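Data block below; observations after.
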Amino acid sequence: MDLATLAQVLDSTLRLATPLLFACLAGLISERAGVFDIGLEGKILAAAFLAAAIAYVSGNVWLGVLAGIAVSVFMSLIHGVASITFRGNQLISGVAINFLAAGLTVVIAQNWFQQGGRTPSLTGDARMPTIDLPFAEALADVPVIGPIYGIFSGHAPLVYLAFLCVPATWFLLFRTRFGLRLRAVGENPAAVDTAGVSVIGLRFGAVAICGVLCGLAGAYLSTGLSAGFVKDMSAGRGYIALAAMIFAKWRPWHAMGAVLLFGLLEAVANRFQSIEVFGLALPVQVMQALPYILTVVILAGFVGRAIPPRAGGSPYVKEH
Amino acid sequence: MSSKRIPNWADVTLVPLVSVVLAFIISAILIWAIGESPWAAVKMMVDGAFGSSYGWGYTLYYATNFMFTGLAVAVAFQARLFNIGGEGQAALGGLGVALVLLYLPWPHWTLALLGASVGAALFGALWALIPGYLQAKRGSHIVITTIMFNFIAASFLNYMLVNFLRPVGSQDPSSPRFPDATSLPKLHEILGLFGIPFSKVPPVNISLLIAVGLCFAVWWMLWRTRLGYQIRALGESEPAAQYAGISPARITIIVMLISGGLAGLMALNNVMGEQERLVLNAVEGAGFIGIAVALMGRNHPFGVFLAAILFGFLYQGGAELALWTGIPRELIVVIQALVILFTGALDNMVRIPIAKLFSLRRAG
C-alpha cells in the first residue's frame, strides 16, 4: 500500500466513523442512564430519510439536518414513553422502533417522491458542504506533513462536530452535576430518587440527547456521506455503534477509538476485496464481520470484561 | 406490573386483541394519509390472501416460516431469554440443509427430509449454542450476542456461497439446485390424494404439517415434561428455580439449543421446499417476524400458530397490495413494528385500562 492510498483509506475512515461516533455516544448516554437502546439503527434511518427529503425540498441542507434531529428525537420519545412511562421491555421497544423506521421510510418515500423508496439525489446547497482547514492548500505539497494534514482537512462540519462531541460527552458525564446524576440513575435509581431528583426526568433527558445525536448521525449519512436517501441505508450502523459502545465499555474516549477501528475496517473492506495480514489472505467478509466478532469476544470477557451500567434495562418502580 | 387483577381469559385474548386493533387503526391512518382507501386496502388484502386457493397457498407458505421462527422466540421467552438471533439461526439452518442435500446421495424425498431436518436443526442449534453458552457461563447479554451473530451469520453465509457452494463460472452467489429426488411434495399433491383441488402455483409444502406438528410438540414439551417445567420455572424466577434444584446455566443452554434448532428448521420450508437451492438472504426477515408472532401469541404454541396465520395473511395480502396499488410492501413492516410495539413494549398501556374496567365492574 503506497502513501497516497493509505491517506485515502484514512480519510474515508474519518468519514465512515462519523455516523458511528454520533450513534455510539447516543447509545452511551442512554445506557449510562439505564435505558438500553437497540433502536439506534431505526433512528439513524428515520433521520437519514427526513434529512434528505427536507434538504431536497427546501434546497437547504441545514433545514434537513434539523428535520432529521426532530424525527429522531420523536422516535426517542416513543421509546421513552414505552420503556420509562409504561415500564415496558426496553429491548422489545427498540426492536419495534427499528422496524417502524425501516417500513415508514420506504412507504413515505415512495409516496412522496415515487422513486422506489428513495429521495432524489441531492446537489448544491442541499448537500452538506465541506470545510478546508486553514493552510491546507499551502501545506498540500509539503512531504509527509501535507498528506497527513490533508487527511484531517476537507470534511463536512458534522465530522468535526462528531469528534468535538467526544470531549463534550466526557465533560457532561464526568464533570457536571447532570452527568453525575445521569450516571447514578443508571447504577442505582432508588438512591437518586431518595435524594429527591426525578428518575423519570433524568432518563427522559438522556433519551432525548440520544435522539439528537442519532439525528445527526442519520443526517450526515444521507447528506454528507451520500447524496440522498436510499432504502435501508443505515445498513447495520446502529448495531455497529452498539458494538463500539460495548467495546469501549461505555466510556467516551474509548468509544472514539472503537469507532475509528470499525471505520477503518469498513474503509479497508470497501477498497480491497481481500487483504494480506501476516501472509494470510483475509477475505472481505471477515472484515465485515470483524466488529461483531470482536464485540462478542469482549462481551464474553475473555479480553477485559465489559460490564454494563447496573440498572440498565430495568424500568424504575417507585416504592410505595 | 399492575397490582389489579385481570381474569385469565381476558389476559390471553382481550389484551393482545386490543393491541392488534390499535396497531391496525394506526396502519389504517397511515394508508389514508398516503392517499389510499383503508377499506379498499383491507378488502384487497383479504381477497388476495383468502379469496382463492392460490392466495391461501401463499398465506400458508408464509405462515409456515413464521411458525418455525415464532416457536423459536416463544420457547426462549418462556425462560425469559430474548433470542433476537432467529434470523441468523434460520440462515445457518439453510446452510445445513444445502450441505446435506448437495453432498449426500438421497434416494427418496422422505429420507432427504429426515436428513435435511437433522442438518437444519443442528446448524441452527449450534449457531444459538455460542450465545447461549456465553449467557449461561459468562453472563454476556443474550440480546446483544444474538444480534451480533445475525451479522456474523450473514457474512459467513456470503463467504460460504461465494467461495464454496457457488458453481464454477457462476456470478450469482447461490448454490446449485438440489437433486430432483429431494424435492418436497407440495400441498396440492397432498390434498390431491384426498381428491381436494388446490392451486399448483404456491410453494406451500409438507413443511406446513411439520410446523403444525411442532406447535403441538413444543406445547407438550413445555407443559407436560419435566424439562418444560424447569424452563417455565426459570422464566418465572431464577432464584426460585435455583432453590428448587434447577441449574439456570444448564436450562439456558438447553433452551437456546431448542430455540436455535426450531429457527433452523425453517429452512425446510424456504430453502428445501421453495427455492430448492441456497441463495443469499433466503430468510428475508422471517426471523424477526418471529418476535412479533411470539409476542402476539403470548409465547404459547397455539397462540404462535394463530399469530403466524395472521402474519401469513399480512404478507400475502401485502404482496397483493403492492402489486395493484401504490402501497409498497414495506407497509407490512410498519404493521409488524406496531404489533411489536403495542403487544410487547406498550403492554401496560393496554393492560392498565383493561384492569381498571374489570375492577370497576367488580365494584359495581
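The values are calculated or read from the model by the stated rules, or taken from the named source; none is laboratory data. Computed from a predicted structure; not experimentally measured. Positions of Cβ are generated from backbone atoms using ideal geometry, with glycine treated the same way; all protein chains shown enter the neighbour counts.
Would you pick out the residues in the stretch B:260-269 that are more than 16 Å from B:G115 (Cα to Cα) and either in contact with a Phe, Trp or Tyr (Cβ under 6 Å, 6 or more places away or on another chain) or modelled with pLDDT under 95 (or both)?
The answer is B:G260, and nothing else.
Specify which of the listed residues (B:F77, B:F66) is in contact (Cβ under 8 Å) with a residue 60 or more places away in the chain and closer than 23 Å to B:A28 by Cβ.
Among B:F77, B:F66, only B:F66 is in contact (Cβ under 8 Å) with a residue 60 or more places away in the chain and closer than 23 Å to B:A28 by Cβ.
Scan the stretch A:70-88 and tell me whether some residue there is surrounded by 24 or more Cβ atoms within 10 Å (Cβ to Cβ) and at the interface with chain B (Cβ under 7 Å from one of its Cβ atoms).
Yes, the stretch A:70-88 has at least one match.
Among residues belonging to the stretch B:136-171 that are of a type in the set (S, T, N, Q) and within 8 Å of another protein chain (Cβ to nearest Cβ), point out the one that is surrounded by the fewest Cβ atoms within 10 Å (Cβ to Cβ).
B:N163
Being over 22 Å from A:S72 (Cα atoms) and of a type outside the set (D, E, K, R) is true for just one of A:V212, A:V185, A:V207. Which residue is that?
None of the other options fit; the residue is A:V185.
Consider the stretch B:243-269. How many of its residues are within 24 Å of B:V279 (Cβ to Cβ) and assigned to a helix (DSSP H, G or I)?
Selection size over the stretch B:243-269: 9.
Inside the stretch A:213-320, counting only helices (runs of 4 or more DSSP H) that do not spill past its ends, which hold 3 or more residues that are out of contact with any strand residue (DSSP E or B) (no Cβ under 8 Å at 6 or more places or on another chain) and more than 14 Å from chain B (Cβ to nearest Cβ)?
Once the helices (runs of 4 or more DSSP H) in the stretch A:213-320 are filtered for at least 3 residues that are out of contact with any strand residue (DSSP E or B) (no Cβ under 8 Å at 6 or more places or on another chain) and more than 14 Å from chain B (Cβ to nearest Cβ), what remains is A:252-271.
Of everything in the stretch A:106-143, what is assigned to a helix (DSSP H, G or I) and within 8 Å of another protein chain (Cβ to nearest Cβ)? Give them in sequence order.
Scanning the stretch A:106-143 gives A:V106, A:V107, A:I108, A:Q110, A:N111.
What residue, of B:L102, B:L92, B:L114, is more than 28 Å from B:I291 (Cα to Cα) and either in a helix (DSSP H, G or I) or at pLDDT below 95 (or both)?
One residue alone meets the criteria, B:L102.
Say we look at the stretch A:167-212 and pick out the residues that are part of a helix (DSSP H, G or I) and polar (S, T, N, Q); which of these is surrounded by the fewest Cβ atoms within 10 Å (Cβ to Cβ)?
A:T194
Which one of the conditions (1) buried (at least 24 other Cβ atoms within 10 Å of the Cβ); (2) within 14 Å of chain A (Cβ to nearest Cβ); (3) in contact with a strand residue (DSSP E or B) (Cβ under 9 Å, 6 or more places away or on another chain) does B:L278 fail to meet, given that it meets all the rest?
Tallying (1) buried (at least 24 other Cβ atoms within 10 Å of the Cβ); (2) within 14 Å of chain A (Cβ to nearest Cβ); (3) in contact with a strand residue (DSSP E or B) (Cβ under 9 Å, 6 or more places away or on another chain), B:L278 fails exactly one: (2).
Only one residue in A:I54, A:I97 is facing chain B (nearest Cβ under 10 Å) and either touching a Lys or Arg at 6+ places or on another chain (Cβ under 7 Å) or under 17 Å from A:G215 (Cα atoms) (or both). Which one?
A:I97
Restricting the search to the stretch B:325-346, which residues are assigned to a loop (DSSP other than H, G, I, E, B) and either among the charged types (D, E, K, R) or within 18 Å of B:A33 (Cβ to Cβ) (or both)?
B:T325, B:G326, B:I327, B:P328, B:R329, B:E330
Residue check: is B:R329 more than 8 Å from every other protein chain (Cβ to nearest Cβ) and within 21 Å of A:L100 (Cα to Cα)?
Considered against the rule, which asks whether it is more than 8 Å from every other protein chain (Cβ to nearest Cβ) and within 21 Å of A:L100 (Cα to Cα), B:R329 comes out as yes.
A quick yes/no check of all residues on (1) β-branched (V, I, T); (2) touching a helix residue (DSSP H, G or I) at 6+ places or on another chain (Cβ under 8 Å); (3) within 12 Å of chain A (Cβ to nearest Cβ):
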{"residue": "B:H300", "(1), (2), (3)": "no, yes, no"}
{"residue": "B:G312", "(1), (2), (3)": "no, yes, no"}
{"residue": "B:V334", "(1), (2), (3)": "yes, yes, yes"}
{"residue": "B:L346", "(1), (2), (3)": "no, yes, yes"}
